[in-house]
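The values are calculated or read from the model by the stated rules, or taken from the named source; none is laboratory data. For clarity, every value in this text was computed on a predicted model and none was experimentally measured. Glycine also receives a Cβ, built like all others from the backbone with ideal geometry; neighbour counts cover every protein chain displayed. Note: areas computed on protein heavy atoms with side chains; ligands, DNA, RNA excluded. Shrake-Rupley method; radii C 1.70, N 1.55, O 1.52, S 1.80 Å.
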Amino acid sequence: MGLSKRAYTFKKIRVSGPLWPNCSMSSPAPNFASSPFSITSPRRIPKSKFTYKQLHQLKSYSPQTPLRVIAHVDLDAFYAQCETVRLGIDPSKPLAVQQWQGLIAINYPARAFGLSRHVTSTEALKQCPDLIMQHVATWKEGDEKWAYHENSFKEMATHKVSLDPYRMESRKILKCIKETLPEKEQRVEKAGIDEVFLDLSAQVHTVLLERYPELRGPTPYEDPTERLPKVPTTVLDWAADALVETGEEDGEDVDPDWDDVCMVIASEIVRDVRKDVKEKLGYTCSGGVARNKMLAKLGSGYKKPNQQTVIRNRAVKHFLSEMKFTKIRMLGGKLGDEAVAMFGTDKVKDLLEQPMDQLKKLGDDTGSWLYSTIRGEDNSEVNPRTQIKSMLSAKSFRPAINSFEQGVRWLRIFAADIFSRCVEEGVLENKRRPKTVNLHHRQGAQTRSRQAPVPQGKPLSEAMLFDLAKNLLAQVVVDGRAWPCANLSLSVGGFEDGITNNKGIGGFLVRGAEAKAMMSTGRSASGGEPPAKRRRTKGNIANFFGPRDDKNKGFDAARAVLMKAHSESTREEEAEDDFDEHEHEHDEDDHFHDPNEGDVERPHTPTPDRNASNNNDNLYRSDTPPSAQPQHNTHSLPVPPTTQPK
Ligand code: CTP
Ligand code: CA
Ligand code: CA
């Protein structure tokens, strides 16, 4: 990227007094290793407040060092930009992305007309007659792939939205960002469909040492607690960055220290990343630079579009105290609402006055997490995992559907959708494959889930997923009370790296018992019975012989599906009865799936909330406008983020 080669420009350089006779304008890098520690007047030498140890810790991305630099990059009006780029539309034209009658993304020119996500397409056109509205791509039953259809908005009953085009752009952007950063000094976390966290510490450390050779050591007296020399300048060049003010009269009078210099370097890196994404792919994004993830994320959203905001350590207090705490990561949802209700305010400023024991009314862990969070502390690491954990395909029905056959038609689309995504995950090459398949079914207020293992011995196929899904739906149907169904979704999870060593025939022996396990598959109900640990039982088979329920439409078809699966499973069992059952026992308690659960693992955060779910790819895969989705919060109150396992 050439950062190290770039001239480091200073608007103004004030040399720090007579102690630095070697310091000149062109070389802001006096050799501290020789001159500054002269024995003549050691006590007069001004020093940095940071130590050699803290500088060194940058190299290993330690969350402990106060010099740490994290960035958050978020695409502006993402889906809307995807459409302007795809269609080659002038980005200054107002454009919105439509999903049925609603708008799910609005570009900035359209926002100037006062449009927001919650208006309908009809209302939007009244407010902005020149608005370009592009409907999202949809899947139609029987189609091989999603497509952009004319007049899609009329086809809600027969089509399902596909956000695949946006996921594909998201992947390209992620790749571009990674290519911009030095291969060995990057740590990138995909935090949602249109955003990433970057831990820039190691890269900044390298640049710092290149520009300021005096920092290279050796550490004076071999004492890591020795403080660094002072920064040889008083004014840093922040280019076009939005700098958050310190809120203190003399805030800018204090000379820059190394944390400020680190931020300047980080902000140059972020500017380069954004420039590359724009030049190579045509997208604008906004960035935030700060000492941790929480602050960096607040920074990227502070000034939009196409800008970057730096929150220097000296500005953190002021920046946060002016904020509503409901804007902070993890505090956008239930927990935030609870805190608002408890303390009668949504302002950080007011919450800062609450002593720890008051905050602990929200729970011990939550309270202490909140206490440090509103003080700008967040030690969570940038997690470089970019691989997905699960995939979900969903559809909300308006009107609700009423038969097994109707449900099965949707399952065909879900299976095709998920299978095509698995193919992109490298499932065909057996790089990674899912372990479980889940079906969620909503009827009135009740959500039911059924789960089955994905047979591991044979190649994953669309037909296999479809059959598994059909079986799971059959189980729901024979249990009764299945109709009318308002929402159906299929997900696969537990992605595992493919079996690279030859497991031989053992892999195929799985089938019989797995088919059997399917008959007693994991169940959990948010409305009905509490999920209970149970070993494999006869499961739904009992229902076959129960009384016929005429109101349960499609019962016969569902029963036939289950009968067939059962007879197949017993046949295989007979042939392969030396199979070790334990390997396949699953504990349904651990497998409840939140339909909102995403591709990307939730950040190890307190709780799902509105902000966090914005980061969640899967949310947008569902057919319901995200704002209208029910919250399946099976989680309890947050616990503070803990350090991630390496
Ligand atoms: N999205 C959505 N429903 C939501 C939130 C987000 O469908 N409740 C989609 C949006 O269409 C968006 C993408 O997810 O394009 C990313 O969301 P977000 O970053 O929150 O908003 P942007 O539209 O990108 O706008 P901004 O410039 O404010 O980031
Ligand atoms: Ca965005
Ligand atoms: Ca976002």
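Filter the stretch 437-446 down to residues that are part of a strand (DSSP E or B) and open to solvent by 10 Å² or more (accessible area, probe 1.4 Å) and give me whichever is nearest to Gly480 (Cα to Cα).
Only one residue fits best here, namely Gln443.
Filter the stretch 171-200 for residues that are closer than 19 Å to Lys389 by Cβ and free of Cβ contacts under 8 Å to residues at least 40 places away in the same chain and give the result.
Arg171
Of these, Val348, Val277, which one is of a type in the set (A, V, I, L, M), crowded, with 19+ Cβ neighbours inside 10 Å and without any contact (Cβ under 8 Å) to a residue 40 or more places away in the chain?
Of the residues listed, the single one that is of a type in the set (A, V, I, L, M), crowded, with 19+ Cβ neighbours inside 10 Å and without any contact (Cβ under 8 Å) to a residue 40 or more places away in the chain is Val348.
Restricting attention to the stretch 177-200, which residues are more than 16 Å from ligand 2 (Cβ to nearest atom) and of a type in the set (Val, Ile, Thr)?
Passing the criteria: Thr180, Val188.
Listed residues Ser116, Ser60, Ser92; which is within 16 Å of ligand 3 (Cβ to nearest atom), in a loop (DSSP other than H, G, I, E, B) and more than 21 Å from Asp164 (Cβ to Cβ)?
Ser116
Tally up the residues in the stretch 214-244 that are modelled with pLDDT under 90, assigned to a loop (DSSP other than H, G, I, E, B) and under 18 Å from Asn313 (Cβ atoms), please.
The qualifying residues number 4.
If we scan the stretch 391-413, do we find a residue that is without any contact (Cβ under 8 Å) to a residue 60 or more places away in the chain, in a loop (DSSP other than H, G, I, E, B) and open to solvent by less than 40 Å² (accessible area, probe 1.4 Å)?
No, there is no match, as no residue in the stretch 391-413 is without any contact (Cβ under 8 Å) to a residue 60 or more places away in the chain, in a loop (DSSP other than H, G, I, E, B) and open to solvent by less than 40 Å² (accessible area, probe 1.4 Å).
Report, by residue number, each residue of the stretch 67-84 that is more than 11 Å from ligand 1 (Cβ to nearest atom) and out of contact with any helix residue (DSSP H, G or I) (no Cβ under 7 Å at 6 or more places or on another chain).
Scanning the stretch 67-84 gives a single hit, Thr84.
Considering (1) within 24 Å of the chain's Cα centre (by Cα); (2) more than 12 Å from ligand 2 (Cβ to nearest atom); (3) surrounded by 22 or more Cβ atoms within 10 Å (Cβ to Cβ), say which one Pro94 fails and leave the rest.
(1)
With the stretch 136-213 as the region, which strands (runs of 3 or more DSSP E) entirely inside it contain at least 2 residues that are modelled with pLDDT under 95 and within 16 Å of ligand 1 (Cβ to nearest atom)?
Those strands (runs of 3 or more DSSP E) span 159-162, 188-192.
Every residue in the stretch 68-108 that is within 24 Å of Glu150 (Cβ to Cβ) and acidic (Asp, Glu), please.
If the condition is that a residue be within 24 Å of Glu150 (Cβ to Cβ) and acidic (Asp, Glu), then Glu83, Asp90 are the ones that fit.
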